[in-house]
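A short write-up of the structure that comes next.
The values are calculated or read from the model by the stated rules, or taken from the named source; none is laboratory data. Quantities reported herein were computed from a predicted structural model and do not represent experimental measurements. Counting neighbours? That spans all protein chains shown, and the Cβs are built from the backbone with ideal geometry, glycine included. Heads up: the accessible areas ignore ligands, DNA and RNA and are worked out on the full protein's heavy atoms, side chains in. Shrake-Rupley method; radii C 1.70, N 1.55, O 1.52, S 1.80 Å.
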Amino acid sequence: MHNSSEILMTLTVGLGLAAFLGFLAHRLRLSPIAGYLLAGIVVSTHTPGYMADPHIAGQLAEIGVVLLMFGVGLEFHFRELLAVKYVATFGAVIQSTFTTLMVTGFIHLQGGGWISGLVLGLSVSVASTVVLVRVLADHRELHTPAGHIAVGWLVVEDLFTILILVLLPIIFPDNASAQAASGFQVVTAIGLALVKVTALIVLAFVIGLRFIPKILEKVAKTHSRELFTLTILFCALGLAMASSLFFDVSPALGAFFAGMIVGRSEFSYRAAADAFPMRDAFTVLFFVSVGMMFQPAQLLASPTLLLSLLVIVLVVKPLAAFPVLYVMHYPFRTILTVGVALAQIGEFSFILVSLGAQLGLISDAMTNAVVATAIISITLNPFLHRGIDPLCRVLQTNPRWSRFLNRVPRRAEVCHTNETGALMKASVENGFMDERDCVGEDDIPDVKHRAIIVGYGPVGQIIVRILQQNHIEPVVIEMNLDTIKQLRQKRIFAVYGNAGQNATLQGAKIESARTLILSSDQVTNAGEMIRLAKELNPKIRILARANYVAQIALLRAVGADLVFAGEAELASVFAESILRELGATDAQMDLERQRIREELGMNIS
């Protein structure tokens, strides 16, 4: 039993050191993940100095994995999963089988047993969802064809791994008195596992889709942010717990299904905004807990094993994915992206080797080699991803490689945005085409100008009407659920959520918007909203409304281009009425309006 001081100390030291080393890694132009892993090594029981509790860190990290998969599910829809079902299924099976056979053969040649090689091979054949999502998101490739394939690929691998976890204790009992399972017992176990997974899917998508959106709607109408956040967490953690307790399925997979359910409702962006801050903090603890498992002293005992596993993970796994994607006519850049995304191992690998060690199937040296391979591959993965574009450019200039790889891909069109913001269709001329900006025809309307309006009060309604009359697409961000429904009935693109959150602004497609208008003077976090908007789209023009003149300097300092205050506009109207009554000319009134603006700090010329 852990007391509160141990939990607090592990959490504080782990997060604090991860933040410091992650910052140093960033300054050295490395991935922050390298800093998080190093933090885990520093506070582990295998290095001198402070020793954090690995059990506490592991439990907290599991929450991070659950929240991460919930977030992925929020942004991953059925049609995207179904679109890659064939390539993900065949690819995962072929790559996992080939990798497992390679490791099994190597262990046998080194004098090890076939069973040890099989378990070790299975453990390194499955990639880490946490790492894959983090790297793809950092490079803005999570919502591309390559990202969809990679996530679908790992969903299949996770399901396959769950089946292996069910079968291992049955086939290889962990005590001498137990007998090995018969063929009938193995078939029964496989059937039972498939029934449980199917039951979970039915429960999640038949019952969950019917009740969860209704529950969220009732909670949203209370206008309590705390209640909504608690409900979202309950959905994620509740289905994750149910998956583990009642269906013997990974909690992460259950959270992924929960995210897909919420993602199909109008609450997806607000749910993402509320869950992501906690997800990020707990996900960092996952990397810290990985570092804590590393035992440097044991590497000297089996360096050949480590080097062999690294070659298999970093080279063999990506190469095994190549023929599947190539035969299905995917662009070369997509093939590289998926291959690099799979060139690492993580959480499921640790679960498999831990179970193998408990059953006496693999040695401690093998377990440590898997941990070391995970740390090294996780650290190198962001660097490998950065090399995709340079490699494509090099191969494209080589005539021999160009003839081999320049084929018309399966998807013949991608969308690109030119410097004016207009969307243009471009035919894919070769397999090197960059698909990071690829969108479906119906996802983004073909418009010249898009403006985001925060708030749909009287001012917001007038702005939307004016924009539509001038053929400018309005995107409304609003926290009133009834207003969102009314806007969607009018076929106006509306996002339900807090505009001060990254996920909400991204859901409103701020990257392709030219203008952001804060139409309400009741926005409590206007400064943070403006700062975040400029970070996501440095070229966006921001018009803000302030309630008081004192707010003008603050909003302009954080990036607002124009700020209008109610006090100043009211003073201008009063002055204009008085001057007009006294017979002042239009030029005199314009001069007085300019003087008022200068006095109130609103000179924007």
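Summary of computed values
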read-out: Lone unmet requirement of (1) in a helix (DSSP H, G or I); (2) at pLDDT below 80; (3) of a type outside the set (Asp, Glu); (4) crowded, with 17+ Cβ neighbours inside 10 Å for Ala181; value: (1)
read-out: Residues of segment 482-516 satisfying the condition of being more than 24 Å from His223 (Cβ to Cβ), open to solvent by less than 10 Å² (accessible area, probe 1.4 Å) and either of a type in the set (S, T, N, Q) or assigned to a loop (DSSP other than H, G, I, E, B) (or both); value: Ala513
read-out: Residues that are in a helix (DSSP H, G or I) and within 17 Å of Ile378 (Cβ to Cβ), drawn from segment 283-301; value: Thr283, Val284, Leu285, Phe286, Phe287, Val288, Ser289, Val290, Gly291, Met292, Pro296, Leu299
read-out: Residue among Leu200, Leu167, Leu209 that alone is more than 18 Å from the chain's Cα centre (by Cα), open to solvent by less than 40 Å² (accessible area, probe 1.4 Å) and either of a type in the set (Gly, Ala, Ser) or at pLDDT 80 or above (or both); value: Leu200
read-out: Qualifying residue in segment 400-418 (condition: loosely packed, with under 15 Cβ neighbours inside 10 Å, at pLDDT 50 or above, within 27 Å of the chain's Cα centre (by Cα) and farther than 30 Å from Ile484 by Cβ); value: no
read-out: Meets criteria (surrounded by fewer than 23 Cβ atoms within 10 Å (Cβ to Cβ) and farther than 20 Å from Met293 by Cβ) for Thr47; value: no
read-out: Where a residue in segment 219-231 is closer than 11 Å to Asp274 by Cα and its partner, wherever it lies, is open to solvent by 30 Å² or more (accessible area, probe 1.4 Å) and not polar (S, T, N, Q), with Cβ under 8 Å and at least six apart; value: Thr231/Ile215
read-out: Single match in Ala321, Ala357, Ala273 (criterion: under 30 Å from Asp482 (Cβ atoms), in contact with a helix residue (DSSP H, G or I) (Cβ under 9 Å, 6 or more places away or on another chain) and not in a loop (DSSP other than H, G, I, E, B)); value: Ala273
read-out: Val311 free of Cβ contacts under 8 Å to residues at least 12 places away in the same chain and in a helix (DSSP H, G or I); value: yes
read-out: Matching residues, segment 353-365, being surrounded by fewer than 24 Cβ atoms within 10 Å (Cβ to Cβ) and either closer than 22 Å to Ser308 by Cβ or out of contact with any Asp or Glu (no Cβ under 9 Å at 6 or more places or on another chain) (or both); value: Ser354, Leu355, Ala357, Leu361, Ser363, Asp364, Ala365
read-out: Single match in Gly457, Gly431 (criterion: of a type outside the set (S, T, N, Q), open to solvent by less than 20 Å² (accessible area, probe 1.4 Å) and at pLDDT below 85); value: Gly431
read-out: Residue match in segment 472-487 (condition: polar (S, T, N, Q), within 25 Å of Pro277 (Cα to Cα) and touching a residue at least 24 places away in the same chain (Cβ under 8 Å)); value: yes
read-out: Matching option when the condition is out of contact with any Phe, Trp or Tyr (no Cβ under 8 Å at 6 or more places or on another chain), at pLDDT 75 or above and in a loop (DSSP other than H, G, I, E, B), among Leu142, Leu227, Leu136; value: Leu142
read-out: Number of the condition not met by Gln468 [criteria: (1) outside any loop (DSSP other than H, G, I, E, B); (2) crowded, with 17+ Cβ neighbours inside 10 Å]; value: (2)
read-out: Selection within segment 300-317 - open to solvent by 30 Å² or more (accessible area, probe 1.4 Å) and within 30 Å of Ile63 (Cα to Cα); value: Leu314
read-out: The listed residue being surrounded by 24 or more Cβ atoms within 10 Å (Cβ to Cβ) and either in contact with a Gly (Cβ under 8 Å, 6 or more places away or on another chain) or modelled with pLDDT of 80 or more (or both), out of Ala272, Ala281; value: Ala272
read-out: Some residue of segment 341-352 being surrounded by fewer than 22 Cβ atoms within 10 Å (Cβ to Cβ), β-branched (Val, Ile, Thr) and either at pLDDT below 85 or not in a helix (DSSP H, G or I) (or both); value: yes
read-out: Members of segment 55-96 found to be free of Cβ contacts under 8 Å to residues at least 12 places away in the same chain and either closer than 16 Å to Met278 by Cα or open to solvent by less than 70 Å² (accessible area, probe 1.4 Å) (or both), listed by number; value: Gln59
read-out: Looking only at segment 1-43, and only at residues there that are part of a loop (DSSP other than H, G, I, E, B) and at pLDDT below 85, the one that is most open to solvent (accessible area, probe 1.4 Å); value: Met1
